[in-house]
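*Asks:* Please read through the structure below; I'll follow up with questions.
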Amino acid sequence: MPDHRALLRQTADLAADYLDGIEHRPVGARASQDELRAALCGPLPETGEPPAEVITSLARAADPGLVASAGPRYFGFVTGGALPAALAADWLTSAWDQNGFAWMMSPAGSVVEDIAASWLLDLFGLPSGSSVGFTSGATMATFTGLVAGRHRVLARAGWDVERDGLFGAPEVTVVLGAEAHATVFAALQMAGLGSDRARRVEADAQGRMRAAPLRERVERLRDRPLLVCAQVGNVNTGAIDPMAEIAAVVRQHPNAWLHVDGAFGLWAAASPSLRPLTDGVAGADSWTTDAHKWLNVPYDCGVTVVRDREAHRAAVSHGAAYYAAQGGEVRESGSWVPESSRRSRAFAVYAALRQLGREGVADLVDRCCALARRVADGLRDAPGVTIVNEVVLNQVLVRFARPGSDAATGDADDAAADAFTREVIAAVQQDGCCWVGGTSWRGMAAMRISVSSWATTAGDVDLSVAAIRRCAEAAGSTP
Ligand SMILES: *Cc1c(COP(=O)(O)O)cnc(C)c1O
(Lines give C-alpha, C1' and ligand atoms only; values in the text may rest on other atoms or scores of the structure.)
Protein backbone atom coordinates (compact mmCIF):
# COMPACT_ATOMS: atom_id res chain seq x y z
CA MET A 1 0.00 0.00 0.00
CA PRO A 2 1.56 3.36 -0.99
CA ASP A 3 1.90 5.96 1.73
CA HIS A 4 -0.95 8.33 0.77
CA ARG A 5 -0.72 10.22 4.00
CA ALA A 6 2.93 11.19 3.64
CA LEU A 7 2.53 12.21 0.01
CA LEU A 8 -0.63 14.23 0.50
CA ARG A 9 0.74 15.94 3.64
CA GLN A 10 3.85 16.90 1.74
CA THR A 11 1.67 18.18 -1.10
CA ALA A 12 -0.52 20.11 1.32
CA ASP A 13 2.62 21.80 2.67
CA LEU A 14 3.73 22.74 -0.83
CA ALA A 15 0.29 24.17 -1.57
CA ALA A 16 0.10 26.05 1.72
CA ASP A 17 3.62 27.46 1.26
CA TYR A 18 2.57 28.71 -2.15
CA LEU A 19 -0.60 30.35 -0.88
CA ASP A 20 1.11 31.81 2.22
CA GLY A 21 3.68 33.47 0.00
CA ILE A 22 1.38 34.56 -2.80
CA GLU A 23 1.07 38.18 -1.65
CA HIS A 24 4.81 38.63 -1.75
CA ARG A 25 5.71 37.11 -5.08
CA PRO A 26 5.62 39.02 -8.37
CA VAL A 27 2.10 38.53 -9.71
CA GLY A 28 3.18 37.68 -13.25
CA ALA A 29 5.29 34.69 -14.22
CA ARG A 30 9.05 35.20 -14.23
CA ALA A 31 10.33 32.40 -16.42
CA SER A 32 10.55 32.32 -20.19
CA GLN A 33 9.29 29.40 -22.22
CA ASP A 34 12.85 28.18 -22.80
CA GLU A 35 13.62 28.28 -19.09
CA LEU A 36 10.44 26.39 -18.23
CA ARG A 37 11.07 23.79 -20.89
CA ALA A 38 14.60 23.30 -19.70
CA ALA A 39 13.42 22.85 -16.10
CA LEU A 40 10.42 20.63 -16.86
CA CYS A 41 10.95 18.81 -20.07
CA GLY A 42 13.45 16.06 -20.44
CA PRO A 43 12.80 13.07 -22.66
CA LEU A 44 9.99 10.74 -21.58
CA PRO A 45 11.47 8.77 -18.69
CA GLU A 46 12.06 5.11 -19.44
CA THR A 47 11.41 4.11 -15.86
CA GLY A 48 9.17 5.55 -13.18
CA GLU A 49 10.05 7.74 -10.20
CA PRO A 50 8.67 7.78 -6.67
CA PRO A 51 5.54 9.99 -6.39
CA ALA A 52 7.08 12.26 -3.72
CA GLU A 53 10.01 13.06 -6.01
CA VAL A 54 7.73 13.73 -8.96
CA ILE A 55 5.71 16.21 -6.92
CA THR A 56 8.65 18.01 -5.30
CA SER A 57 10.40 18.43 -8.58
CA LEU A 58 7.22 19.51 -10.43
CA ALA A 59 6.45 22.14 -7.79
CA ARG A 60 9.98 23.52 -7.87
CA ALA A 61 10.29 23.62 -11.64
CA ALA A 62 6.81 25.03 -12.33
CA ASP A 63 7.04 27.77 -9.69
CA PRO A 64 8.66 30.56 -11.76
CA GLY A 65 6.10 29.91 -14.52
CA LEU A 66 3.09 30.29 -12.25
CA VAL A 67 0.86 33.35 -12.43
CA ALA A 68 -0.39 34.42 -8.99
CA SER A 69 -4.00 34.58 -10.16
CA ALA A 70 -5.14 33.02 -6.88
CA GLY A 71 -3.66 36.02 -5.06
CA PRO A 72 -5.15 39.41 -4.19
CA ARG A 73 -3.59 41.61 -6.90
CA TYR A 74 -4.34 39.74 -10.10
CA PHE A 75 -6.77 41.82 -12.15
CA GLY A 76 -6.41 40.14 -15.53
CA PHE A 77 -9.34 38.95 -17.71
CA VAL A 78 -12.15 38.15 -15.25
CA THR A 79 -10.48 35.86 -12.78
CA GLY A 80 -11.63 34.72 -9.39
CA GLY A 81 -9.34 33.25 -6.78
CA ALA A 82 -10.23 30.13 -4.83
CA LEU A 83 -12.24 30.39 -1.62
CA PRO A 84 -10.72 28.19 1.09
CA ALA A 85 -13.67 25.80 1.38
CA ALA A 86 -13.94 25.53 -2.40
CA LEU A 87 -10.25 24.77 -2.76
CA ALA A 88 -10.40 22.12 -0.05
CA ALA A 89 -13.54 20.56 -1.54
CA ASP A 90 -11.77 20.49 -4.88
CA TRP A 91 -8.92 18.49 -3.34
CA LEU A 92 -11.41 16.02 -1.94
CA THR A 93 -13.06 15.80 -5.35
CA SER A 94 -9.73 14.60 -6.75
CA ALA A 95 -9.11 12.22 -3.87
CA TRP A 96 -12.62 10.79 -4.20
CA ASP A 97 -12.20 10.69 -8.00
CA GLN A 98 -15.94 10.52 -8.60
CA ASN A 99 -17.27 10.28 -12.12
CA GLY A 100 -19.89 13.00 -12.47
CA PHE A 101 -21.82 11.23 -15.20
CA ALA A 102 -24.35 8.97 -13.55
CA TRP A 103 -26.12 8.47 -10.25
CA MET A 104 -24.73 5.00 -9.79
CA MET A 105 -21.19 6.27 -10.27
CA SER A 106 -21.56 8.71 -7.39
CA PRO A 107 -24.81 9.14 -5.48
CA ALA A 108 -23.10 11.83 -3.38
CA GLY A 109 -21.96 13.67 -6.50
CA SER A 110 -25.44 13.54 -7.94
CA VAL A 111 -27.18 14.84 -4.80
CA VAL A 112 -24.62 17.60 -4.24
CA GLU A 113 -25.09 18.75 -7.84
CA ASP A 114 -28.83 18.84 -7.38
CA ILE A 115 -28.52 20.89 -4.19
CA ALA A 116 -25.91 23.29 -5.61
CA ALA A 117 -28.14 23.71 -8.69
CA SER A 118 -31.16 24.69 -6.63
CA TRP A 119 -29.11 27.10 -4.51
CA LEU A 120 -27.85 28.82 -7.67
CA LEU A 121 -31.37 29.21 -9.08
CA ASP A 122 -32.44 30.69 -5.75
CA LEU A 123 -29.50 33.13 -5.64
CA PHE A 124 -30.05 34.37 -9.20
CA GLY A 125 -33.85 34.44 -8.95
CA LEU A 126 -34.22 32.11 -11.95
CA PRO A 127 -37.26 29.83 -12.45
CA SER A 128 -37.03 27.09 -9.84
CA GLY A 129 -37.94 24.26 -12.23
CA SER A 130 -35.03 25.02 -14.57
CA SER A 131 -32.43 22.36 -15.26
CA VAL A 132 -28.77 23.07 -14.46
CA GLY A 133 -25.54 21.54 -15.74
CA PHE A 134 -21.98 22.05 -14.51
CA THR A 135 -19.69 22.54 -17.49
CA SER A 136 -16.01 23.30 -17.88
CA GLY A 137 -16.75 27.01 -18.28
CA ALA A 138 -19.00 29.63 -19.79
CA THR A 139 -18.11 28.64 -23.33
CA MET A 140 -19.59 25.17 -22.94
CA ALA A 141 -22.47 26.56 -20.88
CA THR A 142 -23.35 28.87 -23.78
CA PHE A 143 -22.97 26.02 -26.24
CA THR A 144 -25.43 24.01 -24.14
CA GLY A 145 -27.94 26.88 -23.92
CA LEU A 146 -27.75 27.49 -27.66
CA VAL A 147 -28.21 23.84 -28.64
CA ALA A 148 -31.16 23.59 -26.23
CA GLY A 149 -32.63 26.62 -28.00
CA ARG A 150 -31.80 25.13 -31.40
CA HIS A 151 -33.71 22.02 -30.36
CA ARG A 152 -36.81 23.92 -29.28
CA VAL A 153 -37.14 26.37 -32.17
CA LEU A 154 -36.57 23.62 -34.73
CA ALA A 155 -38.93 21.20 -32.98
CA ARG A 156 -41.61 23.89 -33.18
CA ALA A 157 -40.88 24.13 -36.90
CA GLY A 158 -41.37 20.36 -37.20
CA TRP A 159 -37.70 19.38 -37.38
CA ASP A 160 -35.80 16.89 -35.19
CA VAL A 161 -32.31 18.38 -35.24
CA GLU A 162 -30.72 15.80 -32.96
CA ARG A 163 -31.78 12.98 -35.25
CA ASP A 164 -31.59 14.64 -38.65
CA GLY A 165 -28.93 17.31 -38.23
CA LEU A 166 -29.00 20.75 -39.80
CA PHE A 167 -28.82 19.81 -43.51
CA GLY A 168 -32.19 20.66 -45.00
CA ALA A 169 -33.50 22.08 -41.72
CA PRO A 170 -35.56 25.27 -41.56
CA GLU A 171 -33.20 28.22 -41.26
CA VAL A 172 -32.50 29.40 -37.71
CA THR A 173 -31.71 33.10 -37.43
CA VAL A 174 -29.31 34.09 -34.68
CA VAL A 175 -29.34 37.65 -33.37
CA LEU A 176 -26.91 39.03 -30.83
CA GLY A 177 -25.48 42.31 -29.58
CA ALA A 178 -22.55 43.94 -31.36
CA GLU A 179 -20.44 43.47 -28.25
CA ALA A 180 -21.22 39.78 -27.66
CA HIS A 181 -18.33 37.82 -26.17
CA ALA A 182 -16.03 35.91 -28.52
CA THR A 183 -17.06 32.61 -26.93
CA VAL A 184 -20.66 33.07 -28.11
CA PHE A 185 -19.29 32.97 -31.65
CA ALA A 186 -17.26 29.88 -30.72
CA ALA A 187 -20.44 28.22 -29.44
CA LEU A 188 -22.32 29.16 -32.63
CA GLN A 189 -19.51 27.76 -34.73
CA MET A 190 -19.60 24.44 -32.83
CA ALA A 191 -23.42 24.30 -32.95
CA GLY A 192 -23.42 24.44 -36.77
CA LEU A 193 -25.11 27.84 -36.68
CA GLY A 194 -22.10 29.64 -38.11
CA SER A 195 -20.19 32.40 -36.37
CA ASP A 196 -20.58 34.76 -39.34
CA ARG A 197 -24.27 34.20 -40.02
CA ALA A 198 -25.34 35.79 -36.73
CA ARG A 199 -26.91 39.24 -37.16
CA ARG A 200 -25.41 41.85 -34.89
CA VAL A 201 -27.60 44.44 -33.27
CA GLU A 202 -26.07 47.80 -32.52
CA ALA A 203 -24.85 48.46 -28.98
CA ASP A 204 -24.60 51.71 -27.05
CA ALA A 205 -21.35 53.33 -25.91
CA GLN A 206 -21.09 50.97 -22.94
CA GLY A 207 -21.67 47.88 -25.09
CA ARG A 208 -25.33 47.25 -24.19
CA MET A 209 -27.44 45.81 -27.01
CA ARG A 210 -30.11 48.36 -27.92
CA ALA A 211 -33.67 47.09 -27.72
CA ALA A 212 -35.18 49.26 -30.51
CA PRO A 213 -33.08 47.89 -33.40
CA LEU A 214 -33.55 44.40 -31.94
CA ARG A 215 -37.32 44.93 -32.13
CA GLU A 216 -37.08 45.97 -35.80
CA ARG A 217 -35.06 42.88 -36.68
CA VAL A 218 -37.29 40.52 -34.75
CA GLU A 219 -40.45 41.96 -36.34
CA ARG A 220 -39.03 41.42 -39.81
CA LEU A 221 -38.42 37.75 -39.09
CA ARG A 222 -42.13 37.01 -38.51
CA ASP A 223 -42.34 33.38 -37.41
CA ARG A 224 -38.95 32.09 -38.58
CA PRO A 225 -37.03 30.12 -35.90
CA LEU A 226 -35.01 32.64 -33.91
CA LEU A 227 -32.24 32.51 -31.29
CA VAL A 228 -31.39 35.76 -29.51
CA CYS A 229 -28.31 36.03 -27.34
CA ALA A 230 -28.10 38.84 -24.79
CA GLN A 231 -25.35 39.69 -22.34
CA VAL A 232 -25.32 40.43 -18.64
CA GLY A 233 -21.84 41.76 -17.95
CA ASN A 234 -19.71 42.93 -20.88
CA VAL A 235 -16.20 41.59 -20.43
CA ASN A 236 -14.71 45.05 -20.96
CA THR A 237 -17.14 47.50 -19.39
CA GLY A 238 -19.26 45.27 -17.14
CA ALA A 239 -22.37 46.78 -18.77
CA ILE A 240 -25.62 44.81 -18.66
CA ASP A 241 -28.06 44.61 -21.58
CA PRO A 242 -31.55 46.01 -20.87
CA MET A 243 -32.97 42.59 -20.11
CA ALA A 244 -36.58 43.55 -19.40
CA GLU A 245 -36.91 45.31 -22.77
CA ILE A 246 -35.08 42.55 -24.63
CA ALA A 247 -37.18 39.81 -23.05
CA ALA A 248 -40.37 41.71 -23.94
CA VAL A 249 -39.27 42.00 -27.58
CA VAL A 250 -38.34 38.32 -27.84
CA ARG A 251 -41.63 37.23 -26.23
CA GLN A 252 -43.52 38.90 -29.09
CA HIS A 253 -42.03 36.42 -31.54
CA PRO A 254 -43.88 33.10 -31.82
CA ASN A 255 -40.81 30.88 -32.17
CA ALA A 256 -37.90 32.50 -30.39
CA TRP A 257 -35.45 31.51 -27.67
CA LEU A 258 -33.55 34.01 -25.53
CA HIS A 259 -30.15 33.03 -24.16
CA VAL A 260 -28.20 35.19 -21.70
CA ASP A 261 -24.42 35.16 -21.40
CA GLY A 262 -23.91 36.15 -17.76
CA ALA A 263 -20.49 34.56 -17.29
CA PHE A 264 -19.68 36.94 -14.46
CA GLY A 265 -22.44 39.57 -14.58
CA LEU A 266 -25.23 37.20 -13.57
CA TRP A 267 -23.73 37.30 -10.07
CA ALA A 268 -25.04 40.87 -9.82
CA ALA A 269 -28.46 39.24 -9.41
CA ALA A 270 -27.19 37.68 -6.17
CA SER A 271 -26.63 41.12 -4.63
CA PRO A 272 -29.74 42.96 -3.42
CA SER A 273 -28.12 46.32 -4.21
CA LEU A 274 -27.12 45.36 -7.77
CA ARG A 275 -30.04 43.12 -8.65
CA PRO A 276 -32.07 45.95 -10.25
CA LEU A 277 -29.41 46.12 -12.99
CA THR A 278 -30.43 42.62 -14.04
CA ASP A 279 -34.20 43.21 -13.97
CA GLY A 280 -35.95 41.04 -16.52
CA VAL A 281 -33.16 38.46 -16.73
CA ALA A 282 -35.46 35.72 -15.42
CA GLY A 283 -37.59 36.19 -18.54
CA ALA A 284 -34.99 34.43 -20.71
CA ASP A 285 -34.97 30.75 -21.71
CA SER A 286 -31.38 29.85 -20.88
CA TRP A 287 -28.48 31.34 -18.99
CA THR A 288 -24.72 30.98 -18.82
CA THR A 289 -22.59 31.75 -15.84
CA ASP A 290 -19.24 30.77 -14.40
CA ALA A 291 -18.44 29.59 -10.91
CA HIS A 292 -14.69 29.95 -11.50
CA LYS A 293 -15.00 33.69 -12.00
CA TRP A 294 -17.01 35.55 -9.38
CA LEU A 295 -17.92 32.66 -7.09
CA ASN A 296 -14.19 31.99 -6.67
CA VAL A 297 -14.09 28.23 -7.06
CA PRO A 298 -10.84 26.85 -8.48
CA TYR A 299 -10.79 26.08 -12.20
CA ASP A 300 -12.87 24.82 -13.70
CA CYS A 301 -16.61 25.28 -13.44
CA GLY A 302 -19.22 26.90 -15.65
CA VAL A 303 -22.96 26.69 -15.15
CA THR A 304 -25.67 26.27 -17.76
CA VAL A 305 -29.31 26.85 -16.80
CA VAL A 306 -32.27 26.04 -19.05
CA ARG A 307 -35.91 26.78 -18.32
CA ASP A 308 -37.17 24.11 -20.75
CA ARG A 309 -35.80 20.91 -19.21
CA GLU A 310 -36.93 18.73 -22.09
CA ALA A 311 -35.11 20.85 -24.66
CA HIS A 312 -32.00 20.85 -22.49
CA ARG A 313 -32.01 17.09 -22.04
CA ALA A 314 -32.81 16.35 -25.67
CA ALA A 315 -30.02 18.60 -26.92
CA VAL A 316 -27.09 17.20 -24.94
CA SER A 317 -27.95 13.86 -23.39
CA HIS A 318 -27.85 10.39 -24.76
CA GLY A 319 -29.67 8.75 -21.90
CA ALA A 320 -32.29 9.31 -19.25
CA ALA A 321 -32.23 12.56 -17.30
CA TYR A 322 -33.55 10.93 -14.20
CA TYR A 323 -33.26 7.37 -13.19
CA ALA A 324 -35.78 5.64 -10.99
CA ALA A 325 -33.74 4.25 -8.13
CA GLN A 326 -34.93 2.93 -4.81
CA GLY A 327 -36.47 5.83 -2.94
CA GLY A 328 -37.53 7.87 -5.94
CA GLU A 329 -36.06 9.65 -8.94
CA VAL A 330 -32.41 10.56 -8.88
CA ARG A 331 -30.37 13.02 -10.90
CA GLU A 332 -28.32 11.75 -13.83
CA SER A 333 -25.76 14.55 -13.93
CA GLY A 334 -24.47 13.67 -17.38
CA SER A 335 -27.82 14.51 -18.98
CA TRP A 336 -27.31 18.27 -18.65
CA VAL A 337 -23.85 18.77 -20.15
CA PRO A 338 -22.16 17.86 -23.43
CA GLU A 339 -19.62 15.62 -21.67
CA SER A 340 -20.10 12.08 -20.41
CA SER A 341 -17.39 11.13 -17.89
CA ARG A 342 -16.17 14.17 -16.05
CA ARG A 343 -15.08 15.65 -12.75
CA SER A 344 -17.80 16.08 -10.11
CA ARG A 345 -17.44 19.85 -10.21
CA ALA A 346 -20.31 20.74 -7.96
CA PHE A 347 -18.59 19.74 -4.72
CA ALA A 348 -16.52 22.93 -4.91
CA VAL A 349 -19.57 25.04 -5.79
CA TYR A 350 -21.49 23.56 -2.89
CA ALA A 351 -18.60 24.25 -0.49
CA ALA A 352 -18.20 27.84 -1.72
CA LEU A 353 -21.90 28.55 -1.28
CA ARG A 354 -21.87 27.09 2.23
CA GLN A 355 -18.77 29.06 3.20
CA LEU A 356 -20.37 32.30 2.03
CA GLY A 357 -24.08 31.84 2.48
CA ARG A 358 -26.48 34.19 0.71
CA GLU A 359 -25.09 37.21 2.55
CA GLY A 360 -21.50 36.28 1.86
CA VAL A 361 -22.13 35.97 -1.89
CA ALA A 362 -23.79 39.40 -1.95
CA ASP A 363 -20.94 40.84 0.10
CA LEU A 364 -18.30 39.35 -2.21
CA VAL A 365 -19.98 40.84 -5.27
CA ASP A 366 -20.58 44.24 -3.63
CA ARG A 367 -17.05 44.41 -2.28
CA CYS A 368 -15.46 43.71 -5.68
CA CYS A 369 -17.61 46.45 -7.23
CA ALA A 370 -16.69 48.93 -4.49
CA LEU A 371 -13.01 48.08 -5.00
CA ALA A 372 -13.37 48.58 -8.76
CA ARG A 373 -14.73 52.08 -8.06
CA ARG A 374 -11.77 52.62 -5.73
CA VAL A 375 -9.39 51.69 -8.57
CA ALA A 376 -11.12 54.14 -10.91
CA ASP A 377 -11.09 56.92 -8.30
CA GLY A 378 -7.44 56.25 -7.54
CA LEU A 379 -6.40 56.57 -11.17
CA ARG A 380 -8.79 59.21 -12.46
CA ASP A 381 -6.74 62.28 -11.51
CA ALA A 382 -3.38 60.95 -12.71
CA PRO A 383 -1.94 62.95 -15.63
CA GLY A 384 -3.11 61.68 -19.02
CA VAL A 385 -5.53 59.10 -17.57
CA THR A 386 -9.07 58.56 -18.83
CA ILE A 387 -11.48 56.11 -17.21
CA VAL A 388 -13.19 54.87 -20.35
CA ASN A 389 -16.24 53.07 -18.97
CA GLU A 390 -19.00 53.73 -16.50
CA VAL A 391 -17.88 51.55 -13.60
CA VAL A 392 -21.17 49.76 -12.98
CA LEU A 393 -19.74 46.42 -11.85
CA ASN A 394 -16.23 45.09 -11.26
CA GLN A 395 -14.62 46.11 -14.57
CA VAL A 396 -12.54 49.25 -15.15
CA LEU A 397 -11.13 50.37 -18.51
CA VAL A 398 -8.29 52.87 -18.41
CA ARG A 399 -6.55 54.72 -21.16
CA PHE A 400 -3.24 56.51 -20.85
CA ALA A 401 -1.90 59.41 -22.87
CA ARG A 402 1.67 60.59 -22.59
CA PRO A 403 1.56 63.67 -20.37
CA GLY A 404 1.95 66.82 -22.48
CA SER A 405 0.81 65.10 -25.72
CA ASP A 406 -2.26 66.21 -27.71
CA ALA A 407 -4.06 63.05 -26.65
CA ALA A 408 -3.67 64.02 -23.00
CA THR A 409 -5.65 67.17 -23.67
CA GLY A 410 -8.60 65.57 -25.38
CA ASP A 411 -8.29 63.48 -28.51
CA ALA A 412 -8.54 60.08 -26.92
CA ASP A 413 -8.52 58.02 -30.11
CA ASP A 414 -5.05 58.93 -30.95
CA ALA A 415 -2.76 56.12 -32.13
CA ALA A 416 -0.04 57.51 -29.88
CA ALA A 417 -2.31 56.98 -26.88
CA ASP A 418 -2.89 53.37 -28.02
CA ALA A 419 0.85 52.80 -28.07
CA PHE A 420 1.38 54.56 -24.75
CA THR A 421 -1.43 52.60 -23.11
CA ARG A 422 0.18 49.34 -24.24
CA GLU A 423 3.52 50.57 -22.94
CA VAL A 424 2.04 51.27 -19.51
CA ILE A 425 0.36 47.84 -19.41
CA ALA A 426 3.64 46.12 -20.23
CA ALA A 427 5.43 48.15 -17.57
CA VAL A 428 2.83 47.21 -14.93
CA GLN A 429 3.12 43.54 -15.86
CA GLN A 430 6.89 43.79 -15.61
CA ASP A 431 6.73 45.62 -12.28
CA GLY A 432 5.01 42.64 -10.64
CA CYS A 433 3.05 44.41 -7.88
CA CYS A 434 -0.20 43.61 -9.67
CA TRP A 435 -1.21 42.17 -13.02
CA VAL A 436 -3.51 43.92 -15.48
CA GLY A 437 -4.23 42.99 -19.06
CA GLY A 438 -4.87 44.95 -22.19
CA THR A 439 -7.92 44.98 -24.40
CA SER A 440 -9.33 46.77 -27.37
CA TRP A 441 -12.52 48.71 -26.73
CA ARG A 442 -14.28 50.21 -29.74
CA GLY A 443 -11.01 50.25 -31.63
CA MET A 444 -9.02 51.84 -28.80
CA ALA A 445 -6.36 50.19 -26.67
CA ALA A 446 -7.24 50.12 -22.98
CA MET A 447 -6.00 48.63 -19.75
CA ARG A 448 -8.65 46.32 -18.32
CA ILE A 449 -8.83 45.88 -14.57
CA SER A 450 -11.21 43.27 -13.23
CA VAL A 451 -11.71 42.95 -9.48
CA SER A 452 -13.11 39.46 -9.03
CA SER A 453 -11.26 37.85 -6.14
CA TRP A 454 -12.45 37.26 -2.59
CA ALA A 455 -8.85 37.90 -1.49
CA THR A 456 -8.52 41.49 -2.74
CA THR A 457 -8.59 44.21 -0.06
CA ALA A 458 -8.63 48.01 -0.17
CA GLY A 459 -4.95 47.85 0.74
CA ASP A 460 -4.25 45.70 -2.33
CA VAL A 461 -6.09 48.18 -4.50
CA ASP A 462 -4.11 51.09 -3.08
CA LEU A 463 -0.79 49.32 -3.64
CA SER A 464 -1.85 48.46 -7.19
CA VAL A 465 -3.05 51.98 -7.99
CA ALA A 466 0.25 53.36 -6.73
CA ALA A 467 2.16 50.86 -8.90
CA ILE A 468 0.12 51.72 -12.01
CA ARG A 469 0.62 55.45 -11.43
CA ARG A 470 4.34 54.93 -10.88
CA CYS A 471 4.68 52.87 -14.07
CA ALA A 472 2.70 55.42 -16.11
CA GLU A 473 4.83 58.24 -14.77
CA ALA A 474 8.07 56.39 -15.51
CA ALA A 475 6.91 55.51 -19.02
CA GLY A 476 5.85 59.12 -19.58
CA SER A 477 9.19 60.52 -18.59
CA THR A 478 11.13 58.36 -21.08
CA PRO A 479 10.64 59.57 -24.66
C1 LIG B 1 -15.22 34.86 -19.37
C2 LIG B 1 -16.39 35.03 -20.25
C3 LIG B 1 -16.80 34.01 -21.11
C4 LIG B 1 -16.01 32.73 -21.29
O5 LIG B 1 -15.91 32.02 -20.11
P6 LIG B 1 -15.04 30.69 -19.97
O7 LIG B 1 -15.34 30.26 -18.58
O8 LIG B 1 -13.62 31.13 -20.17
O9 LIG B 1 -15.47 29.71 -20.99
C10 LIG B 1 -17.95 34.20 -21.84
N11 LIG B 1 -18.66 35.34 -21.73
C12 LIG B 1 -18.28 36.35 -20.93
C13 LIG B 1 -19.12 37.59 -20.87
C14 LIG B 1 -17.14 36.23 -20.16
O15 LIG B 1 -16.77 37.22 -19.33
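The values are calculated or read from the model by the stated rules, or taken from the named source; none is laboratory data. In this text, all values refer to a predicted model and were calculated from it rather than measured experimentally. Here Cβ is always computed from backbone atoms with ideal geometry, including for glycine, and neighbour counts include all displayed protein chains. For the accessible areas, the whole protein counts, side chains as well, though only heavy atoms, and no ligand, DNA or RNA atoms are used. Shrake-Rupley method; radii C 1.70, N 1.55, O 1.52, S 1.80 Å.
*Asks:* In nm, what is the difference between 0.36 nm times the number of residues separating residue 15 and residue 354 and their Cα-Cα distance?
*Replies:* 119.8 nm
*Asks:* Now for a different question. What does the net charge come to around residue 346 if you take all other residues with beta carbon closer than 14 Å to its beta carbon, with K and R at +1 and D and E at -1?
*Replies:* Taking every Cβ under 14 Å from that of residue 346, the sum is -2.
*Asks:* Let's see if you can work this out: charge +1 on each Lys and Arg Cβ, -1 on each Asp and Glu Cβ, no other charges. What is the dipole magnitude of the chain about its Cα centre, in debye to the nearest 20?
*Replies:* 880
*Asks:* What is the Rg over Rh value, at two decimals, for the stretch 412-479, using alpha-carbon atoms and the Kirkwood definition of Rh?
*Replies:* Result for the stretch 412-479 is an Rg/Rh of 0.99.
*Asks:* Anything in the chain that counts as a DSSP H helix reaching 30 Å or more along its axis (C-alpha) with Kyte-Doolittle mean of at least -0.5? List them, would you?
*Replies:* 346-380
*Asks:* Karplus couplings for the stretch 224-229 from phi (6.51 cos²θ - 1.76 cosθ + 1.60, θ = phi - 60°), rounded to Hz, Gly and Pro as x?
*Replies:* 5, x, 9, 10, 10, 10
*Asks:* I want to verify the translational diffusion coefficient of the chain in µm²/s; compute it with Stokes-Einstein, Rh as the Kirkwood radius over Cα pairs, at 37 °C and 0.692 mPa s.
*Replies:* For these conditions, the coefficient is 137 µm²/s.
*Asks:* Oh, and also: Per 10 Å bin from zero, what fraction in whole % of the C-alpha pairs of the stretch 1-119 is there, up to the bin with the longest pair?
*Replies:* Cα pair-distance distribution for the stretch 1-119, in percent: 10, 29, 33, 23, 4.
*Asks:* Next question. Would you mind calculating the gained length between residue 220 and residue 470 on full extension (0.36 nm times residue separation, minus the Cα-Cα distance), in nm to one decimal?
*Replies:* 84.6 nm
*Asks:* Using 10 Å bins from zero, what percent of all Cα-Cα pairs in the stretch 115-161 falls into each bin?
*Replies:* Histogram of Cα-Cα distances, whole percents per bin: 24, 41, 29, 6.
*Asks:* Taking N as the number of residues in the stretch 199-346, what is its alpha-carbon radius of gyration divided by 2.2 N^0.38 Å?
*Replies:* 1.17
*Asks:* For the stretch 161-214, state what percent of all Cα-Cα pairs lands in each successive 5 Å bin, counting from 0 Å until the bin that includes the largest distance.
*Replies:* 5, 18, 25, 19, 16, 9, 5, 2, 0
*Asks:* Assuming R0 = 25 Å, can you tell me the calculated FRET efficiency for the pair residue 54 and residue 97, based on Cβ-Cβ distance, to the nearest 0.05?
*Replies:* According to the calculation, E is roughly 0.85.
*Asks:* Based solely on C-alpha atoms, express the radius of gyration and the Dmax of the stretch 326-479 in angstrom.
*Replies:* For the stretch 326-479, the Cα radius of gyration and maximum Cα-Cα distance read 20.7, 76 Å.
*Asks:* If I model a spin label as a point 7 Å beyond the Cα along the Cα-Cβ vector, how far apart are those points for residue 33 and residue 108 in nm?
*Replies:* 4.2
*Asks:* If you don't mind, another one. With a sphere of radius 14 Å drawn around the Cβ of residue 93, what net charge do the other residues whose Cβ falls strictly inside it have (Lys, Arg +1; Asp, Glu -1)?
*Replies:* Taking every other residue near residue 93 into account, the sum is -1.
*Asks:* Charges only on Cβ, +1 for Lys and Arg, -1 for Asp and Glu: so what's the dipole of the stretch 229-360 about the Cα centre, in debye to the nearest 20?
*Replies:* With Lys and Arg at +1 and Asp and Glu at -1, about 340 debye.
*Asks:* Given the DSSP H assignment, sum -39500 (n - 2.57) over each helix run of at least 4 residues in the chain and divide by its residue total; what's the result at 222 nm in deg cm²/dmol, nearest 500?
*Replies:* For the chain, the value works out to -13500 deg cm²/dmol.
*Asks:* Send over the semi-axes of the stretch 264-366's equivalent ellipsoid, whole angstrom and largest first, taken as the square roots of 5 times the C-alpha gyration tensor eigenvalues.
*Replies:* After diagonalising the Cα gyration tensor, the semi-axes are 27, 17, 13 Å.
*Asks:* How far is it, in nm, from the label point at residue 457 to the one at residue 8 when both lie 7 Å from their Cα along the line to the Cβ?
*Replies:* 3.2
*Asks:* Of 104, 157, 132, which is farthest on the positive side of the dipole of the stretch 71-194, counting Cα position, with +1 on Lys and Arg Cβ, -1 on Asp and Glu Cβ, and the Cα centre as origin?
*Replies:* Highest projection toward the positive end goes to 157.
*Asks:* Counting C-alpha atoms alone, how compact is the stretch 151-246: give Rg to one decimal and Dmax as a whole number, in angstrom.
*Replies:* 14.1, 43
*Asks:* If each Cα of the stretch 124-196 is one equal point scatterer, what is log10 of I(q)/I(0) from the Debye formula at q = 0.13, 0.18, 0.26 Å⁻¹?
*Replies:* Those come out to -0.43, -0.81, -1.26, one per q.
*Asks:* Given 0.36 nm per residue, what is the gain on full extension from residue 156 to residue 197 after removing their alpha carbon distance, in nm?
*Replies:* 12.6 nm
*Asks:* Distances longer than 22 Å among the Cα atoms of the stretch 51-136: what percent of all pairs is that?
*Replies:* Value for the stretch 51-136: 51 percent of Cα pairs lie more than 22 Å apart.
*Asks:* How much of the accessible area of the chain, probe 1.4 Å, is carbon plus sulfur, in whole percent?
*Replies:* Whole-percent figure for carbon plus sulfur exposure: 54.
*Asks:* Can you give the accessible area per residue of the chain, in Å², using a 1.4 Å probe?
*Replies:* Per residue, the chain has an accessible area of 44 Å².
*Asks:* What is the chain's relative contact order, in percent, from Cα pairs under 8 angstrom and six or more apart in sequence?
*Replies:* Rounded, it is 21 percent for the chain.
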